[in-house]
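For reference, the structure discussed in these notes is given below.
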Amino acid sequence: MILLDCGCTVKRVESSGGDSLPFAVFLDILGSSHYFTTLPDDYDFADEAADCVGYHYARLEFHDAIRIATAIATQGLVFRASFSDCAYLIYDDPKGILLATAIAMRHFYHRVPVRGGIGYGNFGMGRTVHESDGKSSSTEASLFGSALVRAFEAEHCGLKGMRVFVHSGAAPQLAATHKGITVYSELDYAEIEEGERPQTLGGTVIELQGESAPNVRHELCFIGHEGIDRYLRGLEKLKLAFPLGESDSAHYDQTRIALHRFQSLRAL
């Protein structure tokens, strides 16, 4: 029998940079529900695993990107929770959550369609256990808090696209990390004080234009100093590999619009 017990309770997270509550990002693979419901009820997912196609491929790429992001963005990392087609990352440092989310999204764009949301607030964790005897298994995972609720709410705000939406409670602190810089770009480095230039570019919080949703007025520009051409090429590949349902086809159109807006902001 395998038994993993990571039980603990977190009431408040103390950051190395001072007193701070956690930030959470919720990342979710788009189109999973549509994909599953179009398959026959007797579909054998073992065939996907053998050929590394379909949902099996998407899941592997998704979790690889999550691991890469947290391996690079270690500053302020509190907890990582990965599930079948979604994940939560918890950070107590705004720069950490911006960097991790941006790195993950840069990987997703060329592998699997993903949307996210960032929230801020309290976070707690209870007993987390996985048990298996080779014949059956059970998992008990206890995560809770307003940071998770608001991150989920931002991702589910109803706006379209492979984008990361920021809850209004998290936006002010995340935007403050830029110190007045609208978007990271090569020209912006002259405005960043010595020693503050990030080794790997994080994301930048920007206001939404022409869109609205309850408690969501910002999103994450995650392209850093790069142009959008490679993202647009990746988007076309994703559209062929992961066709979404008719009601979700607008995701690709809105993603393209967002990328062009990111590009225009970089030029400022």
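When we screen 240, 265 for residues that are closer than 30 Å to residue 74 by Cα, among the aliphatic types (A, V, I, L, M), modelled with pLDDT under 90 and out of contact with any helix residue (DSSP H, G or I) (no Cβ under 9 Å at 6 or more places or on another chain), the only hit is 265. Cβ-Cβ distances below 7 Å connect the following pairs, each with a first residue in segment 213-238 that is within 16 Å of residue 202 (Cα to Cα), a second residue that is among the basic types (Lys, Arg) and in a helix (DSSP H, G or I), and a separation of six or more residues or different chains: 222/106.
Output yes when any residue across segment 117-136 is within 23 Å of residue 243 (Cβ to Cβ) and of a type in the set (Gly, Ala, Ser), and no when none is. Checked against the condition, which is being within 23 Å of residue 243 (Cβ to Cβ) and of a type in the set (Gly, Ala, Ser), segment 117-136 yields no hits at all. Filtering segment 127-166 down to residues that are over 30 Å from residue 250 (Cα atoms) and surrounded by 14 or more Cβ atoms within 10 Å (Cβ to Cβ), which residue is modelled with the highest pLDDT? Here the answer is 145. Only strands (runs of 3 or more DSSP E) whose full extent lies in segment 98-158 are considered here, and the ones with at least 2 residues that are over 22 Å from residue 234 (Cβ atoms) and among the hydroxyl-bearing types (Ser, Thr, Tyr) are 137-140.
Out of curiosity, is residue 245 at pLDDT below 85, surrounded by fewer than 15 Cβ atoms within 10 Å (Cβ to Cβ) and under 18 Å from residue 160 (Cα atoms)? The answer is yes for residue 245.
The values are calculated or read from the model by the stated rules, or taken from the named source; none is laboratory data. All values derive from a computational prediction rather than experimental measurement. All Cβ positions, glycine included, derive from the backbone under ideal geometry; neighbour counts span all protein chains shown.
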